[in-house]
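For reference, the structure discussed in these notes is given below.
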Amino acid sequence: MMNFAAIPEPALRLVLCIVALAVFIGLNGLLLVYMERKIAGHIQRRPGPFEVGPHGVLTPVADALKLVGKQLVAPEGADKWLFWTAPILSFMPIFVLFLPIEFGPNLFGVETNLGLLLILAFAGFNVLALCLAGWGSNNKWGLLGAARAVSQSVAYEIPLLLTVLAVAFMTGTLDLGEITAMQGAWPWQWNVVTQPLAFVIFFTCAVAETNRAPFDVPEAESELTAGFHTEYSGMGFGLFFLAEYAEMIVVCSVATILFLGGWKGPFISGPWWFLVKMYALLTIMMWFRWTYPRVRFDQVLNICWKWFIPLALANLLLTAVLVKVF
Amino acid sequence: MREDLIFSYERENRAVVDDHVSGQGCSVYMDRTRLADAAAMMLEAGYALDDITLLDVSEGIQGQYRFTHWDKQDRVTIRTIAPHDEACFPSIAGVYPGADWHERENMDFYPVNYEDHPNPTPLLLPDDMAEEHPLEKREKDRVSYFDIVPGQKFIECDSDHMLCSCALNLHSAKKDEFPLRCIPELRFKQPDMPANMRLEVEDGDFYSKHFETTYSDDRLVLNMGPQHPSTHGVLRVVLELDGEYVIRAEPVLGYIHRMHEKMGEVKTFHQYLPNMGRVDYLHALAWNHAYCLAVEKLADIEVPRRAELIRVITNELNRLSSHLLWWGAYLLDLGAFTPIMYAFEDRERIMDLLQVITGSRLTYCYFVFGGVTCDVPGDFAERTRSIVHTLRDRLPMFTALVTENLILRKRVEDIGVIDPSMCRRYGATGPVLRGAGVAYDVRMNSPYSVYDELDFEIPVYDGHDAMSRYMVRMDEMAESIKIIEQALDLLDGADDGHIIKKAPNAGFTPPSGEAYAAVEGARGKIGVYVASDGGKKPYRVKLRAPGFSNLSLFAECAQGTLLADAVSILGSLDLVIPEIDR
C-alpha cells in the first residue's frame, strides 16, 4: 500500500485538485449543454430537449457518447500534426486557468499571489489553438475563421486587461483570494459598485474572448459554415466545445471574484454564493446568444478599438487618480 | 409564303397590339440586326427587361424580348426571328446586363448563339451538355408561327396608339443595316486573358477552372455553396476575396435544375399543373395562379367570382407564409437564431389551414383552369380571420424584438445598395424593386383576378438598401392581412357555392394561340408564357422566375463588400433556388 504521508502536501493537493477540476469541468460541460439547450428552447417558445430521460436531462450524456463514439476524420491536405494539436492545445490550459480560482473559503487549487496574471497569461493559449486549427485544416473557411479569431482575441484582450488592472489598482493585489477578502457580503460592498464601467466592459470582452454570440464571428455559422472548426469531427470538435464552455466558466468566475464579491454573499457566505453568481452570469451569456443577431466582423473590432479601449483607459486613469487622492 | 410574311413584318417594323388577346401588350417585329439599338432605346425610354423567350417554329427560332414599364403600365414584346441554319442573335447584355443570364439559359436550351456575349458559358445545364439542347424541336414537331398566332388574330395598330408609336419610333430612328456575323465557335469561348492569369487548379470543375482572378496572386478564390448554410439551398457563388472583401462574385446555377419548361412540352395542359407547385415551393399558389391565368386567357375560360376570391385569399395566405419564412431565414443569416422559431409558429398555422383546403402543406396544386379544385370548408372564414388577427397582433412584437435592434440595423442599413436604374437593367421586381423606391406591383399596375376591387397599398421604401427591402416585406405582411380580410367579407356575399363553371376534362384542348400572364409573387413578378398549336400539350411554356432576375444583380451589388455583407445581401434578395434553376 502506498504511503500517502510520503507525498509532499502541495503535490497531493495539486493532484487532488486536478482530478476534482476534471470532474467539475466535465460535469459542468454536460450541465451547460443542457442549460443552453433548455434556455434556447424556452426563449424560442418550445420545450427544448425532452426525450432522453425526464425533461431531457440525459440528452447531454447521449450527446457526449455520440461525440466520443464518432470517427476522427482529418481532411486529406491537412497538416495532421497541427490539426490534432489544436483541440488538445485548446483544452489543456483550461486546468491551469481553474487552479487559482477561489470557489469558497479556502477552496482553491494553488495559492499564488499572481492568480489573476496566471489566468490572463494562459487564457491567451486559446488564440494559438484556434489559429492552428484554422491553418492546419487546409480549409479556406477555417483559415478565414482563424484570421478572425486571432484579430478578435488579440484586440479584446487589451480592454479586458485594462479593466482587470483597474480592480487591481483599487485592491492593490493580483491574488484572487485577497480580492474576494476585500469585498463585503452585501451587494453594495462589491467592486461592481465602485467599478460599474469596468464590469460592463469586462463582461462584454469576456463574451467576445470566448467567441460567444453576438461576437461569434470566428465560427459564424451563416458566413463561414463553422469557421475554424469546420473540419473537426467527433471529439476533435468536442474538445473545442468543452474548452469553450470551460472558458465561459472561467471568465464568469473571474468576473464573480473581481466584481461580485466571490463566494461572499448575504446571510451565509460560502461556495453556493459563488455558484449562484457564476451561473447567473452564464445565463446572461446564453440569453445574449439566443437574442441578438451577429455583429459584423469589422464592427466587432471597431467596438473594441474605438469604444472599449478608450473607455477602459479613461476608467483606469480615473481609478489611478482616485486611488492616489484617497 | 408564310415565311416571307414574317420577314416582311420585320422589314416593315410592324407593331401589333394584342393586349386583350394574349396579354403580351404591344408586339414589335423587327430585324435581329437592329436588336441592340432597339434595346438601347428601350432602356432610354425607361423599360425594364422581363425575360427573353425563344420559340422554335418552322420559320426559325423566334426571340421574344419582353419589356415592362413601371409607370406606363404597358408591356412591349420585341420579336425577331433567326433561321435555323444561322440561329444567331446579337447579345443585348451590354445594354441590359440582366440579359446575360437569359441569353446563357437560351444557349443551353436551344442551338443558338449570341454574338458578343460577355460570358458564353452554360448556366443551367452541366458544362458537358454543350451539344444537347433540350428545347430544340424535331423537324416533324415544328409548326409554323402562324399556326400558333393566326394572321387574322393580329390587330394592326394605328399609329395614334401610344404604345405603338413609342415602339415604332424606337427603330425608325436607326435604319443602318449591320451584317450579323454568325460563328458557331463563339459558344463557350473564354475571354482573352493571359494564361498566367488563369487560376491554376488541378481538381475543381468547369467553373472554378474558368474563374480568373483579376490581377493579383494573393487573392483567395472561395466556393460559397452549393452546400453552405446561407445560400438557402443549392446555390453556389464563386467568390474572389481580398482578405474579407469580395472582389468578384459569380453565382453558378443549375444544381437543382429540373427542366420544367421541357416537362411542359411533354405533358398535357392538365398534367403540368402539379409542376407549378414545385417551381417556387414557398409561394406555390402564385405559380398556380400565373399558369392558370395564362391557360384561361388562351382558352378564354371564365372564372366564377367565388373562385377568384378563394384564389386571392389563399394566394395572400401563401404570401404571408413565404414572407414569414424569409424573415426567419434572413435573421438566421444574420446570426439571430430565435426569430425563425417565432415565424414558424405563425407559418405553421397558415400551413395547417392551407393543408385543409389544398391537401398539401408546401407544394400546392389547388387552382385548375376555370376555378379551384374544391370549395373551402364551412369554418374557413372564421379560422382564417383568427389566424390573421393573431398574426397582426404579433407583427408589432416582431418589430420590437428584431427590427429595432441596433445590431440588426447596423447589419442591414446601407448594405447592398440597389437603385432603380440597376433594377431596370437587371429586371429586378418585387420587394427588391419596391425597396429601391419604385411603386411597381403587378397586383396594382396591371390587376388580375379581383385585386382591383380590393383596397390595399403598395409599401415602398427608397433607402435602396437591405433595410428597405426588409421593411417592404414586413409592411407587405400587414397589407396581405388587409387583403385577406376584405376578400373574406366579399366571400360571404359570393356564397353561391360556385367554384368552377365546368371542370375541363383530361381531353382539354385549348385553341391555338399564345398567352402571357403575370402575377405578383412573394419575390416579384412571375410570368408564364404559354404557346399552343391546338394540341393537347403546350407547344412552349416559358417560366419567368423573379428570383432569377433578382439574383443576376448580385454580382454587381456584392462587389467590394465584406463577406458578411454579401451574405446579408444574398438573404435580402429572398432567393428560392428551385425557382431560379427551374
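Shielding of peptide A:222-229 by partners, expressed as the average count of other chain Cβ atoms within 10 Å per residue Cβ, is 6.
Ordered by the number of other Cβ atoms lying within 10 Å of each residue's own Cβ, fewest first, A:Trp263, A:Trp186, B:Trp70 fall into the sequence A:Trp186, B:Trp70, A:Trp263. Neighbours of A:Ile94 by Cβ distance under 12 Å: Lys/Arg scored +1, Asp/Glu scored -1, total -2. With both labels modelled 7 Å from their Cα along Cα-to-Cβ, the A:Ala185 to A:Asp79 distance reads 5.5 nm. Extension gain, B:Asp141 to B:His270, is 44.4 nm, computed as 0.36 nm per intervening residue step minus the present C-alpha separation.
For the protein assembly as shown, give the magnitude of the charge dipole about the Cα centre (Cβ charges: +1 Lys/Arg, -1 Asp/Glu; no others), in debye to the nearest 20.
For the protein assembly as shown, the charge dipole is close to 2280 debye.
Peptide B:336-347 shows a mean partner chain C-beta count of 4 within 10 Å per residue C-beta.
A crude spin-label estimate for the pair A:Phe288 and B:Thr509, with each label 7 Å from Cα along the Cβ direction, gives 7.2 nm.
Take each peptide in A:73-80, B:265-272, B:142-149, count the other Cβ atoms within 10 Å of every residue, and average; sorted highest first, the result is B:142-149, B:265-272, A:73-80.
The ranking of B:Glu131, A:Glu219, B:Glu115, B:Glu382 by Cβ neighbour count inside 10 Å, starting from the fewest, reads B:Glu131, B:Glu382, B:Glu115, A:Glu219.
Answer rounded, prolate or oblate for the stretch B:488-582, using the Cα gyration tensor with square roots of eigenvalues a ≥ b ≥ c: rounded when a/c is under 1.5, else prolate when a/b is larger than b/c, else oblate. Write out the running numbers ahead of the final one.
On the way: a/c = 4.04, a/b = 1.72, b/c = 2.35.
Because a/c hits 1.5 or more and a/b fails to exceed b/c, the stretch B:488-582 counts as oblate.
Ranking B:Phe398, A:Val200, B:Leu543 by Cα position along the charge dipole of the protein assembly as shown, where only Lys, Arg, Asp and Glu carry charges on their C-beta atoms, puts A:Val200 farthest toward the positive end. Each stretch of four or more DSSP H residues adds -39500 (n - 2.57); spread over every residue of the protein assembly as shown, this sum gives -15000 deg cm²/dmol at 222 nm. Of B:Met30, A:Met170, the sequence from fewest to most neighbouring Cβ atoms within 10 angstrom is A:Met170, B:Met30.
Rounded if a/c is under 1.5, else prolate if a/b beats b/c, else oblate: with a ≥ b ≥ c from the C-alpha gyration tensor eigenvalues square-rooted, which is the protein assembly as shown? Prolate, because a/c is 1.5 or more and a/b exceeds b/c.
Peptide B:236-244 has a mean shielding of 1, counted as Cβ atoms of other protein chains within 10 Å of each residue's Cβ. When each of the peptides B:281-293, B:82-94 is scored by how many other beta carbons lie within 10 Å of its residues on average, the order from highest to lowest is B:281-293, B:82-94.
One Cα centroid belongs to the stretch A:215-284, the other to the stretch B:339-362; the line between them spans 37 Å.
Quick one: if the Förster radius is 56 Å, what FRET efficiency do B:Leu220 and B:Glu302 give, using the C-beta to C-beta distance and rounding to 0.05?
Details: r = 59 Å, r/R0 = 1.06.
Taking R0 as 56 Å, the efficiency between B:Leu220 and B:Glu302 is 0.40.
Think of each Lys and Arg Cβ as +1 and each Asp and Glu Cβ as -1; about the Cα centre, that makes the dipole of the stretch B:78-151 roughly 380 debye. Distance from the Cα centroid of the stretch B:35-66 to that of the stretch B:465-542 is 25 Å (rounded to whole angstrom). Is the stretch A:225-326 rounded, prolate or oblate when judged by the Cα gyration tensor, a ≥ b ≥ c being the square roots of its eigenvalues, rounded requiring a/c under 1.5 and prolate requiring a/b larger than b/c? Judged from the Cα gyration tensor, the stretch A:225-326 comes out oblate (a/c at least 1.5, b/c at or above a/b).
Given +1 at the Cβ of Lys and Arg, -1 at the Cβ of Asp and Glu and no other charges, the dipole of the stretch A:4-325 around its Cα centre is 620 debye to the nearest 20.
Bear in mind that the values in this text are calculations on the coordinates, not laboratory data. What you see is a predicted model, and the numbers here were worked out from it, not measured in a lab. In this analysis, Cβ positions are derived from the backbone assuming ideal geometry, glycine residues included, and neighbour counts consider all displayed protein chains.
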